[in-house]
Amino acid sequence: MGYHPGWKVLLSPIVPLPVPRLAWITRGATWNWDGQHKPFAEAGTDVLSIASLLPGYVSYFVADPVALKELVSSRTRFVKPIEHYGILSHFGGNIIVSEGQEWKKHRTPVQRSFSEHNNRMVWTESINVALGLFKSEEWSGREVVRINHVIDITLPMALFVIGIAGFGRRVSWAEDTVIAPGHQMTFKEAISIVTEHLVQTVLIPRWALRIVPQWRKIGIAFEEANAYMHEMIRLRREAVVKEERHDLFTGLLEATEKDPGAGNERLSDSELIGNIFVFLVAGHETTAHTLAFALGLLAIYQDEQENIYNHIKQTLSDGRLPTYEDMPKLTYPLAVLNETLRLYPPGLTFMKQSVEDTTLPLATPYKGQHEIVVPARTLFNAAIAGLHYNPKYWEDPYAFKPARFLDPNWPRDCFIPFSSGARSCIGRRFFENEAIALLTMIMSRYKVELTPEVRDRWAHLDDIVERREKIINPTVSLTLVPKALPLLFVRR
Ligand code: HEM
């Protein structure tokens with residue numbers, strides 16, 4: 001590593017261990033969030049080295065935009081080290097845990113399923129989910145609704161949207177009590193449990209889910225969701241009259257059956273299901289937590305809430321429901337979401353590995369060196385928060401200023417919550433449609449506020465960023481998770 005500054009530790013931070021930071025032993029479980037850009041500023045470089053003994057890794061943690069651009073775009077020199085994502089393959093082979101030709105086999109049909117029709121469906125269904133929330137028992141007819149933890153509404157909203165626009169099955173705020181013949185639980189219950197316990201579903205092997213009593217329900221939910229999907233494949237194949245459907249599942253099934261793409265083999269049923277499952281893993285918490293952070297931020301920054309409200313009122317001046325055609329005009333909600341993703345990127349890192357001895361160019365030279373020397377098989381972790389808080393590229397990086405994303409020249413290479421390049425997030429449009437529609441609906445009808453307890457507790461802190469850090473204070477799990485945050489929704 002040529003004495004490049006960084007961390008030397010006994011236990012590799014790349015292996016996720018739920019432990020606190022201990023000097024020379026471990027950087028702790030929250031290493032890729034702690035201090036955001038501060039560790040880089042202290043070391044005087046935007047690339048830190050990480051050397052560990054157990055396992056013996058040499059890796060780099062990268063907050064430099066030029067180095068990151070090279071890592072994501074030079075696909076023959078830097079690949080995705082899929083062995084580090086291996087656990088996700090227990091859902092069935094899928095787009096996330098593949099590389100090279102195998103990845104192309106998945107990416108082509110998956111790309112087709114994220115079609116324009118699907119985008120429109122995501123929009124319409126998100127509006128329906130918001131209307132369903134406003135009509136639900138807890139909300140309808142109330143001037144003020146108190147939510148004990150903001151994710152109590154954002155997780156179900158994201159689940160209902162992926163239920164219909166992803167799986168083609170309508171799940172809603174209403175109770176679903178009909179268990180289909182041959183099943184032990186309803187479809188809603190099965191995918192609710194799977195998504196609620198994503199960490200366990202992803203990290204615990206399937207055999208353990210079957211036999212350990214505390215995990216059995218999760219294991220059953222996982223098997224049930226799988227069985228429902230096999231049935232859905234069978235029913236759609238057997239249907240004499242094909243319904244016109246635009247959910248991802250149908251799109252993927254059709255794309256696989258019609259034309260697997262030049263030189264590609266078809267996806268098997270287990271790969272088809274594997275991909276649908278990873279849409280849940282990749283898209284559910286990330287979307288729900290981003291919305292939760294956005295609502296929390298807007299409750300803290302009331303002036304920003306007025307800005308988004310006024311923008312929505314102007315865009316939808318006659319008070320009508322927003323249509324899919326309005327989406328490009330809703331620039332302020334998108335700016336609020338982007339600024340939320342900059343401050344709280346739900347996925348804190350992605351990885352790459354060098355295939356050969358090579359070099360990596362730097363935007364900020366270190367001791368006069370404009371590149372670092374990289375031996376083959378070096379691992380790289382993108383420091384997403386490190387880059388997003390880098391003061392060289394973001395003025396006043398700790399401030400919540402959505403308007404910075406309205407400037408046509410905002411620094412695109414320094415915003416990577418969805419990664420970048422060929423392997424960037426394929427669900428980005430899905431997310432944007434869903435989140436803009438939901439945020440627009442909520443903001444146009446409700447004012448979101450902190451509860452008096454939360455407001456009073458931190459009122460002694462004059463600095464708004466300090467106050468915000470106490471109120472939002474996220475924890476690091478599979479994604480960045482907002483702390484329990486009660487909110488009030490006051491009817492406008
Ligand atoms: C705020 C929302 C989201 C964020 C921040 C996010 C972030 C990311 C990131 C960082 C990657 C690259 C991962 C890596 O290389 O290790 C990724 C890939 C991916 N995302 Fe998302 N994502 C979001 C929403 C979604 C949604 C809604 C879906 C699906 C419905 C989705 C599906 C995927 C898939 C399938 C990939 C793998 C693409 C490939 O390898 O070709 N994501 N996402």
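Observations
- For the chain, the Stokes-Einstein estimate of translational diffusion at 10 °C and a viscosity of 1.306 mPa s comes to 67 µm²/s, using the Kirkwood hydrodynamic radius over alpha-carbon pairs.
- Theoretical FRET efficiency, 1/(1+(r/R0)^6), r = Cβ-Cβ of residue 377 and residue 75, R0 22 Å, to 0.05: 0.85
- Over the stretch 121-194: Rg over Rh, Cα atoms, Kirkwood Rh: 0.99
- Axial C-alpha extent at least 27 Å, average Kyte-Doolittle at least 1.0 - helices from the chain (DSSP): 269-300
- Fraction of accessible area attributable to carbon and sulfur, the stretch 158-220 (%, probe 1.4 Å): 59
- In the chain, taking the dipole from charged Cβ atoms about the Cα centre, the farthest positive-side position among 389, 81, 417 is held by 81.
- Put 149, 246 in order of accessible area, highest first, and with a 1.4 Å probe you get 246, 149.
- With all protein chains in place and a 1.4 Å probe, the accessible surface of the stretch 362-492 carries 51 percent carbon and sulfur.
- One Cα centroid belongs to the stretch 325-400, the other to the stretch 405-437; the line between them spans 12 Å.
- Cα-based reach from residue 401 at 15 Å (exclusive), listing aspartates and glutamates while leaving out same-chain residues under 8 positions away: 303, 304, 306, 339
- Contact order, relative form, for the stretch 1-117: 18 percent (alpha carbon pairs under 8 Å, 6 or more residues apart, mean separation divided by residue count).
- Prolate/oblate/rounded label for the stretch 385-468 (Cα gyration tensor, a/c 1.5): oblate
- Ranked order, 235, 321 - accessible area, probe 1.4 Å, largest first: 235, 321
- Entry comment: accessible area of the chain is 44 Å² per residue, from protein heavy atoms only and a probe of 1.4 Å.
- Per-atom-type breakdown for the stretch 253-354 gives carbon and sulfur 52% of the accessible area (1.4 Å probe, protein chains only).
- The antiparallel fraction among DSSP beta bridges confined to the chain stands at about 75%.
- Binned Cα-Cα distance frequencies in the stretch 48-195 - 10 Å width, integer %: 8, 23, 27, 23, 15, 4, 0
The values are calculated or read from the model by the stated rules, or taken from the named source; none is laboratory data. For clarity, every value in this text was computed on a predicted model and none was experimentally measured. Every residue, glycine as well, gets a Cβ built from its backbone with ideal geometry; the counts of neighbours run over all protein chains shown. Note: accessible area is taken over every heavy atom of the protein model, side chains too, but ligands, DNA and RNA are not part of it. Shrake-Rupley method; radii C 1.70, N 1.55, O 1.52, S 1.80 Å.
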